[in-house]
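Notes follow once the structure below has been shown.
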Amino acid sequence: MPRSVVTGGAGFLGSHICDYLIGKGHSVVCVDNFITGAEANIAHLKNDAKFTLINQDVTEYISVKGEVDFVFHFASPASPIDYIEFPIQTLKVGSIGTHRTLGLAMEKGARYILASTSEVYGDPLVNPQPESYWGNVNPIGPRGVYDEAKRFAEAMAMAYHRTHNVDTKIVRIFNTYGPRMRKDDGRVVPAFICQALRNEPLPVFGEGSQTRSFCYISDLIRGIYLLAVSDLNEPVNMGNPSEMTILEFAKKVIKCINSKSGIVKKDLPIDDPKIRRPDITRAADELDWKPEVSLDDGLVEIVKWFKKKIGEER
Ligand code: NAD
Ligand code: UDP
């Protein structure tokens with residue numbers, strides 16, 4: 001039975017990775033300090049003999065007994081409001097946490113999968129963004145703590161690959177949504193859907209002309225697994241290339257929910273990227289991966305999730 005360590009395994013993406021790996025017959029060791037994660041995300045795995053939880057900060061020495069085949073390093077605050085609230089923890093988990101987990105992978109002879117981000121491209125000057133683009137990042141702005149931590153993490157992963165021959169993989173994840181996102185995590189999908197379900201105005205930052213695209217969780221997790229078992233060591237973009245403005249997205253959410261909400265314009269956060277769209281040619285060519293869930297279908301699922309969460313408030 002393959003054995004995987006998943007850091008950040010109690011978070012949104014990490015908990016779906018734990019589920020997927022267990023479904024593939026792995027045993028899973030989840031390492032999380034719950035800074036932004038939730039027990040509820042892994043409650044269903046607690047009594048599974050294939051699942052173990054280590055409640056610790058991955059910037060501290062990580063001790064895992066026995067063999068390990070894969071290390072998935074997904075621990076990090078990921079929503080802009082989270083990494084702006086926890087700037088130093090974000091820098092530490094991306095730098096020291098990456099160093100620790102690479103050390104664990106090297107000691108165990110395990111494959112290593114780093115959760116990187118489209119934020120390594122910053123406020124991009126090319127669109128769509130291929131992996132060969134080096135980015136346009138402000139290192140000292142409020143988002144710099146996340147962007148630079150991930151850029152450092154990528155550099156560290158490549159150094160372990162080149163120097164110690166660790167079989168490292170880097171997935172540059174573009175905006176992904178799905179069940180287990182928090183209502184209050186501040187990202188645009190939860191923010192808009194929860195407001196629309198409450199028939200309250202949707203907060204569009206700036207004029208809403210900035211673009212994003214949204215990948216459904218099941219597509220992303222399938223792609224990450226394909227990458228994990230591949231021979232690739234270069235970074236791979238994963239996301240949905242179907243780009244739209246944030247204002248268009250707000251209107252789509254209102255229509256999909258048949259909500260009475262209007263739109264309220266709020267200040268655009270500093271360094272908010274103006275355009276973003278993944279070039280997924282490498283994932284398509286090398287992994288035969290592309291997203292299959294349309295935004296319309298994904299919205300139906302995520303609306304169900306937030307309806308339930310809002311229902312629990314009452
Ligand atoms: P999340 O906040 O739901 O999950 C992060 C998890 O990491 C949480 O459970 C948190 O408690 C844990 N964690 C953070 N610091 C830790 C530490 N020092 N020690 C142990 N655990 C720690 O966020 P998410 O959306 O699931 O993101 C997961 C990963 O994917 C992150 O690395 C993020 O940068 C990356 N990512 C996500 C997206 C996305 O759209 N969701 C996009 C790009 C990159
Ligand atoms: N956004 C918005 N209203 C919100 C939250 C976000 O208009 O309540 C915008 C934000 O300015 C950004 C886009 O939506 O341009 C995506 O934001 P998110 O925080 O989801 O992730 P990002 O892509 O910025 O990392």
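Bear in mind these aren't lab numbers, they're just calculated from the coordinates by the rules spelled out. Keep in mind that what you see is a predicted model, and the values were worked out from it rather than measured. Using ideal geometry, Cβ is built from the backbone for each residue, glycine included, and neighbour counts are taken over all protein chains shown.
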Note to self: I'd like the distance between the alpha-carbon centres of region 262-314 and region 147-171, rounded to an integer number of Å.
What the structure shows: 27
Item checked: the chain - convex hull of alpha carbons, volume per residue in Å³ -> 123
Check: Given H placed on each backbone N at 1.01 Å, which residues far from Ile170 in sequence or on other chains put an amide H within less than 5 Å of it?
Finding: Leu114, Val236
Notebook entry, point to check: Taking the chain as a Gaussian network, Cα atoms linked when under 10 Å apart, which of Gly141, Gly178, Gly37 shows the biggest mean-square fluctuation?
Noted result: Gly141
Check: Between Val303 and Val229, what is the FRET efficiency for a Förster distance of 30 Å, r being their Cβ-Cβ separation, to the nearest 0.05?
Finding: 0.35
Check: Taking amide H positions as placed 1.01 Å from N in the peptide plane, with prolines and chain starts having none, which residues 5 or more places from Leu202, or on another chain, fall under 5 Å of its amide H?
Finding: Gly262, Ile263, Val264
Item checked: Under the Karplus curve 6.51 cos²θ - 1.76 cosθ + 1.60, θ = phi - 60°, whole-Hz ³J(HN,Hα) for region 105-118, x wherever Gly or Pro sits -> 4, 5, 4, 8, x, 8, 6, 10, 10, 9, 7, 9, 8, 4
Next item on the list: Taking 7 Å along the Cα-to-C-beta vector as the label spot, tell me the Ala43-Ser294 distance in nanometres, rounded to one decimal.
Entry: 3.5
Next item on the list: Could you run the Karplus curve 6.51 cos²θ - 1.76 cosθ + 1.60 with θ = phi - 60° over region 40-45 and give me ³J(HN,Hα) per residue in whole Hz, x for Gly and Pro?
Entry: 4, 5, 10, 4, 5, 9
Margin query: Quick check: Cα centre of region 1-40 to Cα centre of region 47-107, how many Å?
Written below: 11
Check: Rounded to the nearest 500, what is the chain's calculated 222 nm mean residue ellipticity when only DSSP H runs of at least 4 contribute -39500 (n - 2.57) each, over all residues?
Finding: -12500 deg cm²/dmol
Item checked: Too-long pairs where the Cα-Cα distance tops 27 Å, listed order kept, from Lys50/Lys150; Lys24/Lys108; Lys65/Lys183; Lys46/Lys309; Lys169/Lys251 -> Lys50/Lys150; Lys65/Lys183; Lys169/Lys251
Note to self: Take Leu268 and Asp184, extend 7 Å from each Cα along the Cα→Cβ direction, and tell me the distance between the two endpoints in nm.
What the structure shows: 2.9
Next item on the list: Within region 1-43, which residues have the backbone N less than 18 Å from the label spot 7 Å out from Tyr61 along Cα→beta-carbon, could you tell me?
Entry: none
Checklist line | Amide H partners (placed H, <5 Å) of Leu268, local residues excluded | finding: Gly206
Next item on the list: Tabulate in residue order the Karplus-calculated ³J(HN,Hα) for region 165-177, using 6.51 cos²θ - 1.76 cosθ + 1.60 with θ = phi - 60°, rounded to whole Hz; enter x for Gly and Pro.
Entry: 6, 6, 7, 8, 10, 10, 9, 8, 8, 9, 2, 10, 9
Note to self: What is the sum of charges, Lys and Arg at +1 and Asp and Glu at -1, for the other residues whose Cβ falls under 13 Å from the Cβ of Met106?
What the structure shows: +2
Margin query: Antiparallel versus total DSSP beta bridges in the chain: what percent is that, nearest 5?
Written below: 5
